[in-house]
Amino acid sequence: MRVVLLGPPGAGKGTQAQIIAGELGVPAISTGDIFRANVTGKTELGTQAKVYMDAGDLVPDEITVAMVSDRLAEPDAKAGFLLDGFPRTIAQAEQLRDSLTELDQHLDCVLELVVDEDELVRRLSGRVVVVDGKPVQREDDKPETVRHRLEVYREQTAPLSGWYDQAGLLATIDAIGEIDEVTARALVALGHQRDDDETAEQPTDR
Ligand code: AMP
């Protein structure tokens, strides 16, 4: 299955991407994670991306698209993938569509996580990540940068919702609630039957 997870910063895309990708048996590909790994590793790509990330701006399309195309060409993405944080502009979505067409592939679903803006600001301002065993605030989770990232989302990424709806690919879910509840809604929207074996009651051997 080939899925795009769409939603504003703070909607829980990263958390849900990991769980849903596990359920679907496909790799979760997060452009934000790939950029952050490059920043930590002080690569050329990381140095280029850091300036934009720290300001809460989008990394230019040409850098991002090339990076995603390389990642999608890896063997583990052949049978499917879940993209988290890409595409973020109409131009990226068009490039993704064209790259997939070249590979004789297409998206199955674009799942949008919907959360109102007050809740997003509350979540992002209180978010803590662990780096080298220590809790820290992400540089781009500082209040003024959060506001800017939400603006960037509204202007550049939110139009993708209508774009994918027109293509008949969009499914939206309410992403407020417990992690498990949101996952359950996502899997229903994707038409995926959850393998409940782990939670099913095991017969006792008496
Ligand atoms: P995220 O972890 O998805 O919130 O991404 C963190 C930051 O990485 C974003 O604020 C952007 O600066 C950059 N980034 C991630 N994905 C993209 C993308 N598809 N296009 C441009 N910049 C991106």
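Looking at this structure, is Glu139 closer than 27 Å to Asp61 by Cβ and modelled with pLDDT under 95? Spelling it out, Glu139 is indeed closer than 27 Å to Asp61 by Cβ and modelled with pLDDT under 95.
Of all residues in segment 45-61, exactly one satisfies the criterion of being in a helix (DSSP H, G or I), open to solvent by 50 Å² or more (accessible area, probe 1.4 Å) and within 8 Å of the ligand (Cβ to nearest atom), namely Tyr52.
Annotation note: of Leu150, Leu111, the sole residue that is closer than 25 Å to Gly22 by Cβ and in contact (Cβ under 8 Å) with a residue 12 or more places away in the chain is Leu111. Residues of segment 16-60 that are under 19 Å from Leu150 (Cα atoms) and of a type in the set (Val, Ile, Thr): Thr31, Val51, Val59.
For segment 151-206, name all the residues that are among the hydroxyl-bearing types (Ser, Thr, Tyr) and either at positive phi or modelled with pLDDT under 95 (or both). Let's see the steps before the verdict.
Looking only at segment 151-206, we keep the residues that are among the hydroxyl-bearing types (Ser, Thr, Tyr), and these are 153, 157, 161, 164, 172, 183, 199, 204.
Thr199, Thr204, listed by residue number.
Of the listed requirements (1) part of a loop (DSSP other than H, G, I, E, B); (2) at pLDDT 95 or above; (3) of a type outside the set (Phe, Trp, Tyr), Ala79 misses just one: (2). Any chance segment 109-119 includes a residue that's farther than 30 Å from Gly168 by Cβ and either open to solvent by less than 80 Å² (accessible area, probe 1.4 Å) or part of a helix (DSSP H, G or I) (or both)? Yes, that holds for at least one residue. In segment 21-37, the residues that are closer than 19 Å to Pro9 by Cβ form Cβ pairs under 7 Å with partners that are within 11 Å of the ligand (Cβ to nearest atom) and of a type in the set (Val, Ile, Thr), at six or more places apart or across chains, as follows: Thr31/Thr64; Thr31/Val68; Phe35/Val59.
Give Thr64, Thr15 a once-over and let me know the one that is assigned to a helix (DSSP H, G or I), hydroxyl-bearing (Ser, Thr, Tyr), within 12 Å of the ligand (Cβ to nearest atom) and crowded, with 22+ Cβ neighbours inside 10 Å. That would be Thr64, the only listed residue that is assigned to a helix (DSSP H, G or I), hydroxyl-bearing (Ser, Thr, Tyr), within 12 Å of the ligand (Cβ to nearest atom) and crowded, with 22+ Cβ neighbours inside 10 Å.
I'd like to know if segment 90-100 contains one or more residues that are in a loop (DSSP other than H, G, I, E, B), open to solvent by less than 20 Å² (accessible area, probe 1.4 Å) and more than 12 Å from the ligand (Cβ to nearest atom).
Filtering segment 90-100 down to residues in a loop (DSSP other than H, G, I, E, B) leaves none.
No, segment 90-100 contains no residue that is in a loop (DSSP other than H, G, I, E, B), open to solvent by less than 20 Å² (accessible area, probe 1.4 Å) and more than 12 Å from the ligand (Cβ to nearest atom).
The values are calculated or read from the model by the stated rules, or taken from the named source; none is laboratory data. Keep in mind that what you see is a predicted model, and the values were worked out from it rather than measured. A quick note on method: Cβ atoms are made from the backbone with ideal geometry, for glycine too, and the neighbour counts reach across all protein chains shown. What goes into the accessible areas is simple: the full protein's heavy atoms, side chains included, and nothing from ligands, DNA or RNA. Shrake-Rupley method; radii C 1.70, N 1.55, O 1.52, S 1.80 Å.
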